[in-house]
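Only one structure is covered here, and it is reproduced in the block below.
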């Protein structure tokens, strides 16, 4: 079965503080005490490590560009496990760079089936010949309009407007899932320039159940959300 542990890398360099909280994945049989070497899991751990190193390099480049201003930068990663079973894992890592009053965040999903030895892509969750991009955009649009409506209560002078064409969603979009929800994150300003924070749209699987593939229904969706 898949086991996900937590590791922490924390140190300070010049004006940069690193708080790197990241997952370390292992595999073992239920009856065994020791972890088993698994080539694919080692590969996934390497992918996560390289993504974190890339993020840290970007943070350092930001500091080097702005070093004359002596900007203090906090670089943080946090991860959330959405789904883990005997052979399937879905988790998300949020990468955040806080420089002064500016916060830049993005999220990357890691979805794998270790039994089939493959990445789980968005297309795998839906039946063939289903326009799942259009379906998902519809649910995102509903939630985005609600979010914008809430923002306008506090910013009376601001005018937000969103239509389906504004939603940049494609087959390569970042996602992760629980046994109840498909979660689609959007980074700062992707929905509207007035929305600066990372946003996650949670779509209940029961709302899109009729469009789901046999693979998703059999292996992932365990509970209907009311």
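Residue by residue through region 26-54, note down the ones that are over 17 Å from the mean Cα position of the chain (by Cα), touching a residue at least 12 places away in the same chain (Cβ under 8 Å) and surrounded by 10 or more Cβ atoms within 10 Å (Cβ to Cβ).
26, 27, 28, 29, 35, 38, 40, 41
Working only within region 83-109, note down all residues that are more than 19 Å from residue 20 (Cα to Cα) and modelled with pLDDT of 90 or more.
Hits for region 83-109 are 83, 84, 85, 87, 88, 89, 90.
Among (1) in contact with a helix residue (DSSP H, G or I) (Cβ under 8 Å, 6 or more places away or on another chain); (2) modelled with pLDDT of 75 or more, which single condition is residue 224 missing?
Here residue 224 meets the rest and fails (2).
Only one of 208, 191, 203 is closer than 22 Å to residue 106 by Cα and modelled with pLDDT of 90 or more. Can you tell me which?
None of the others qualify; the one that does is 203.
The values are calculated or read from the model by the stated rules, or taken from the named source; none is laboratory data. Not measured: the values here are computed from a predicted model. Counting neighbours? That spans all protein chains shown, and the Cβs are built from the backbone with ideal geometry, glycine included.
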